[in-house]
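Asker: Can you read through this structure? Questions will come right after.
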Amino acid sequence: MTNKLALHTRTAAAWFFALLLFFPIFWLGLMAFKTEAQAIATPPLMFFTPTLHSFQEVMARDHYAGYAFNSLITSVLSTVFGLAIAIPAAYSMAFFPTGGTVGLLKFILSSRYMPGVGALMPIYVCFQYAGLLDTRVGLTIMFMLMNLPIMIWLLYTSLRELPRDILEAARMDGATVFHEFRYIVLPLSVGGIASTALVCMVWAWNESFWSLNLGASNAGTLAWLIASYSSPEGLFWAKLSAASLMAIAPIMALGWFCQKQLVQGMTFGAVK
């Protein structure tokens, strides 16, 4: 009886926290199908006639497709280019470490957690001189640099879990470093690479600080579009909710369909 009670208690607690975390998304979806008058009604309306007016206005007037395309291009390309740098870097640190490897890894990770506002002014000036302000190229470079430390750390952890016996056997058979990397390391680390790519692409998609400060109407992402609904007249809650729901829907769908790869990457090496 004690074990059953504990199991039911843990299950109830898990459902409670799951519903608590899901409530903001539920409320966001509820607001998105209201009119502006219904969205600001007091007390909040729980029963109303749903409308797609806010979605239609966001799609038609505010060029949602253009901002969504900017988010897609910058998040995907920044992840691809970041992996092209992070995978060889993590490979060299995992299999050819030196005395300063651990210190370098700590420095790389610490740079990721530096407040962005502290580096905003020099980065803004550099982007201004290079002509990268309000361009997809500039945001792609910024998102890549932002996620590169996490990419290296995650891939380094994943690569360290690879069985060394397989690599030593390949070297004894005459495999070069390139062949070892291409035919052994990459296939065995697909789970870690996939999970790293997914996490960093989600972060790039959701990034708002650099999007708002380095982008504008030409290269603005969905974060810039959502921020534009804050005006001196106030917040347009229904349109803001509709735009936010449309912004998070693609990334939530991606996470749902890629959860297998994400779990494989997170648990890679846990079972020998």
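Residue by residue, here is whether (1) of a type in the set (Lys, Arg); (2) modelled with pLDDT of 80 or more; (3) open to solvent by 20 Å² or more (accessible area, probe 1.4 Å); (4) within 30 Å of residue 239 (Cα to Cα) holds:
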{"site": "55", "(1), (2), (3), (4)": "no, yes, yes, yes"}
{"site": "60", "(1), (2), (3), (4)": "no, no, yes, yes"}
{"site": "70", "(1), (2), (3), (4)": "no, yes, no, yes"}
{"site": "76", "(1), (2), (3), (4)": "no, yes, yes, yes"}
{"site": "81", "(1), (2), (3), (4)": "no, yes, yes, no"}
{"site": "86", "(1), (2), (3), (4)": "no, yes, no, no"}
{"site": "111", "(1), (2), (3), (4)": "no, no, yes, no"}
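Asker: Going by what's in this entry, would residue 95 be described as surrounded by fewer than 17 Cβ atoms within 10 Å (Cβ to Cβ), among the aromatic types (Phe, Trp, Tyr) and touching a residue at least 12 places away in the same chain (Cβ under 8 Å)?
Answerer: yes
Asker: Taking segment 193-226 only, how many residues are part of a helix (DSSP H, G or I) and out of contact with any Asp or Glu (no Cβ under 8 Å at 6 or more places or on another chain)?
Answerer: 22
Asker: Further question on the same structure: Can you work out which of the residues in segment 234-252 that are modelled with pLDDT of 80 or more and of a type in the set (Gly, Ala, Ser) is most open to solvent (accessible area, probe 1.4 Å)?
Answerer: Among residues in segment 234-252 that are modelled with pLDDT of 80 or more and of a type in the set (Gly, Ala, Ser), the one most open to solvent (accessible area, probe 1.4 Å) is 249.
Asker: For segment 23-48, which residues satisfy the criterion of being part of a helix (DSSP H, G or I), aliphatic (A, V, I, L, M) and surrounded by 12 or more Cβ atoms within 10 Å (Cβ to Cβ)?
Answerer: 25, 28, 30, 31, 32, 39 - these are the residues of segment 23-48 that are part of a helix (DSSP H, G or I), aliphatic (A, V, I, L, M) and surrounded by 12 or more Cβ atoms within 10 Å (Cβ to Cβ).
Asker: Of the residues in segment 148-168, how many are modelled with pLDDT under 80, part of a helix (DSSP H, G or I) and of a type outside the set (D, E, K, R)?
Answerer: The total comes to 2.
Asker: With the checklist (1) in a helix (DSSP H, G or I); (2) in contact (Cβ under 8 Å) with a residue 12 or more places away in the chain in hand, flag the one item residue 20 doesn't pass.
Answerer: Here residue 20 clears every test but (2).
Asker: Now, a different point. For segment 75-105, give me the residue count where each residue is more than 20 Å from residue 181 (Cβ to Cβ) and either acidic (Asp, Glu) or assigned to a loop (DSSP other than H, G, I, E, B) (or both).
Answerer: 2
The values are calculated or read from the model by the stated rules, or taken from the named source; none is laboratory data. Since we're looking at a predicted model, the values are computed, not measured. Methodologically, a virtual Cβ is constructed for each residue, glycine included, from the backbone with ideal geometry; neighbour enumeration extends over all protein chains shown. Just so you know, the surface numbers come from the protein's heavy atoms only, side chains and all, with ligands and any DNA or RNA stripped out. Shrake-Rupley method; radii C 1.70, N 1.55, O 1.52, S 1.80 Å.
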